[in-house]
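In what follows, a structure is listed as structure tokens, so that the remarks can point back to it.
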Amino acid sequence: MVHDIIYEDTKSWDETAMRGNLCHEDAVKLLQIPLLDSIKKDSLFWWVDARGMFVVKLAYELAINNLINSSIAYIQLVIGL
């Protein structure tokens, strides 16, 4: 999980854990990603439809919406909005 490679108290990467669990190239790339100050606790969840059934389409839509929202939030942070 992501929380295993982030120091929650300092909001920074655990470089030792990353280098110990990932190939060198991946660790180098990931360490270049800046972390936001507001890191939320990881959680596992999925959306269900009105019948209470897991539907891949809903999971895909959730993933895309999260990606869009995260991208917008990051851009706003970078340009200072």
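Remarks
- FRET efficiency for the pair Val78 and Thr16, taken as 1/(1 + (r/R0)^6) with r the Cβ-Cβ distance and R0 = 25 Å, rounds to 0.35.
- Extension gain, Ile33-Ser70: 0.36 nm per intervening residue step, less the Cα-Cα distance, totals 12.0 nm.
Values quoted throughout were computed directly from the atomic coordinates according to the rules given, and no laboratory measurement underlies them. In this text, all values refer to a predicted model and were calculated from it rather than measured experimentally. Methodologically, a virtual Cβ is constructed for each residue, glycine included, from the backbone with ideal geometry; neighbour enumeration extends over all protein chains shown.
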